[in-house]
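Data block below; observations after.
What follows is calculated from the coordinates using simple rules that are stated; it is not laboratory data. Quick caveat: nothing in here was measured; it's all calculated off a predicted structure. Backbone-built Cβ (ideal geometry, glycine too); neighbour counts: all protein chains shown.
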Amino acid sequence: MHPIVSWRAARREAVLAEHRAELGRAGRQAQADLIRSGYHLGPAPYGYHALPVPVVDDTGQVRMRRRLHRDPATAHTVHLIFHLRGSRHRSYAAIARRLIIAAVAPPGYGPDGPRPWTPDAVRRIVTNPAYMGWQVWGRTSGGRRTDPAQWVICVNAHEPLVTELLFTQAQNLPGSRPTFMLPIIGWGDPGTPPQPFAELP
């Protein structure tokens, strides 16, 4: 290939790559803004429904966004899970066994029918800040946990299913070794000093 043609092709590819990167940055910023406003992205966590709400954007257009609302059929199971973990200090496996024995509705469905309760399914519920009423975005990147200081968070985004105290207790079992902290969040008046929240295993 002629050097000039080769240079033009390389330049064109670089411009396209930068354009794609800019679109990606704009998309991530738009998602972060939605989270900061308390809207939900993706599937609803077990115990909630994601219901549409109309929102007028800056251009006057009506957009449909989603907020989480309590699911009466499964919300009580979420509270039971946190109670068994935080107050009774049960393992994820022990909680999963109890739910299976009690024939509690499973946390989802796969191609072959209902997915059974597993320790990992219980862990995902216990470590999800959404149950405190938070919207959180950016907890993982590329399948790895990110620094909580980099998370995008909206507190009081929707009705909580558990208290902050119970959530915290469920993360900090006697003898367990936490690996990182949730971000420090200030509550109440602007003059209220921030306090550390829960440690996630």
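Values computed for the structure shown
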{"item": "Largest-first principal axis extents of the Cα set of region 54-174 (Å)", "result": "53, 35, 29"}
{"item": "Label point distance in nm, Val55-Tyr109, each placed 7 Å from Cα along Cα→Cβ", "result": "2.9"}
{"item": "Space enclosed by the convex hull of the alpha-carbon atoms of region 71-139, per residue, Å³", "result": "111"}
{"item": "Potential extension, Ser91-Asp33 segment - 0.36 nm per residue separation minus Cα distance", "result": "17.3 nm"}
{"item": "Relative contact order for region 41-166, counting Cα pairs under 8 Å that sit 6 or more residues apart, in percent", "result": "22"}
